[in-house]
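The values are calculated or read from the model by the stated rules, or taken from the named source; none is laboratory data. Because the structure is a prediction, the values reported are computed rather than measured. So basically every Cβ, Gly included, is an ideal-geometry build from the backbone, and we count neighbours across all protein chains shown. All accessible areas refer to the heavy atoms of the entire protein, side chains included, with ligands and DNA or RNA removed. Shrake-Rupley method; radii C 1.70, N 1.55, O 1.52, S 1.80 Å.
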Amino acid sequence: MNASEDSLAPEVRSILDAARGRHGGDERVAVSARSFPDAVAETEAAGRVPVVAEVKPTSPTTDGERTDDPVELARQMVAGGATALSVLTEPDHFGGSTENLERIREAVDVPVLRKDFVVKESQLDAVEADLVLLIARFLEEDLADLVAAARERGFQPLVEVHDRAELELALDAGAEIVGVNNRDLGALEVDLETFESVAPHVPDDVTLLAESGVKTVADAKRMRAAGADALLIGTAIMDGDVRTNTEWFANATDADADSNAETDAETETEITE
Ligand SMILES: O=C(O)c1ccccc1NCC(=O)[C@H](O)[C@H](O)COP(=O)(O)O
C-alpha cells in the first residue's frame, strides 16, 4: 500500500482490494466507440446541458438499493435528455455488473461509460463500452500505460482526478477527457469547491466533467459556471423518477433562470422525488 492509499476511507480500500482480486476478460476487446465529445457538442448546440446520467443501484454512501431493471432506468434517462450514461459494473459495493452494461449499451444509442475501479490492463477486456473510467489516484505511474491500452482497444478514457497534482498526472498521461471528482475518497465527503479549484487549470481542448455531489439545479448551474462541459450525476437522478430528474438537470441552463422567476425557487429544492 502506498502513502496515498493509506489515507483512503475504509470503504474505498475495500473497493480497491476487491478490484485487485478481480479477473479481466479472456479476450482482448475491440470497441467502435460512440464519440463522447461529439455527443456533448450536439447537446450544447441544442441548448441543453450535457448530463451523464449514472445507473448506480447502490453505493457505500447510499441507503438501500434500487432494484428496477437497469435497462428501463437507462431508457428513461435517455428519454429525459441524457447525453451519455455511466453504468456501474462494480458488483460488490455498487450492485453493478458487466451484464447490465452490455444490455444497456444494446438498448440505447448514446455513449456509455463503464464506471468501475480498473487497476490492471486485463480488466479493460471485461466488457465493451464507449468510455472507460481510470482513476488517477489509484493508478499513478501506471496511468499513462492504461490510457494507451484503453485507446488501443477503442475506448475513450475518462481520467478522474481530485486535485491539481492528479490533474498534472492525467495531462502527462495524455488524457483528453477529464473528470474532477468532488467526492474525496479519503473522507468520502463531497465539496463542489473541489471542481471550482481544479477547473481553471484544465486546458480548453480537454472535455471536462464535474463528477459527484450535484444534487440540485443550482448545483448544476454552479458547476457549469465553473467550466464543466458535462455533469456526471448519480444519486440525485437515481432518487425518484429518473426521467424527470434527468430532464431537470438537462434543462438547467442560465436561460431558464433568467426567463422564469419560478425556476429560482425550484433551484433551491433538492431533487428527491
Ligand atoms: O458514491 C459513492 O458512495 C462512492 C463511494 C466510494 C467511492 C466512489 C463512490 N462513487 C463513485 C462515483 O464516482 C459516483 O457514483 C459518481 O461520481 C456520481 O456521484 P453522485 O452524483 O454524488 O452520486
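Of note:
- Ala46 meets all of the listed conditions (1) open to solvent by less than 10 Å² (accessible area, probe 1.4 Å); (2) more than 18 Å from the chain's Cα centre (by Cα) but one, namely (1).
- Within the range 15-33, residues that are open to solvent by 60 Å² or more (accessible area, probe 1.4 Å) reach partners that are within 16 Å of the ligand (Cβ to nearest atom) with beta carbons closer than 7 Å, at six or more positions or on different chains, in the pairs Arg20/Val119.
- Selection over the range 92-108 of residues that are open to solvent by 20 Å² or more (accessible area, probe 1.4 Å) and more than 14 Å from the ligand (Cβ to nearest atom) gives a count of 9.
- The set of residues from the range 11-23 being modelled with pLDDT of 90 or more and in a loop (DSSP other than H, G, I, E, B) comprises Gly21, Arg22.
- Single match in Lys215, Lys221 (criterion: over 22 Å from Ala45 (Cβ atoms), open to solvent by 10 Å² or more (accessible area, probe 1.4 Å) and touching a residue at least 40 places away in the same chain (Cβ under 8 Å)): Lys215
- Qualifying residues in the range 72-82 (those that are of a type in the set (Gly, Ala, Ser) and in a helix (DSSP H, G or I)) - the one least open to solvent (accessible area, probe 1.4 Å): Ala74
- Failed item, numbered, when Thr67 is tested on (1) part of a loop (DSSP other than H, G, I, E, B); (2) hydroxyl-bearing (Ser, Thr, Tyr); (3) within 14 Å of the ligand (Cβ to nearest atom): (3)
- Qualifying residue in the range 197-209 (condition: open to solvent by less than 20 Å² (accessible area, probe 1.4 Å) and assigned to a helix (DSSP H, G or I)): yes
- Listing of helices (runs of 4 or more DSSP H) fully contained in the range 115-193 that carry 3 or more residues being open to solvent by 20 Å² or more (accessible area, probe 1.4 Å) and in contact (Cβ under 8 Å) with a residue 24 or more places away in the chain: 143-152, 164-172
- You will find that of Leu8, Leu85, the residue that is open to solvent by less than 40 Å² (accessible area, probe 1.4 Å) and in a loop (DSSP other than H, G, I, E, B) is Leu8 and no other.
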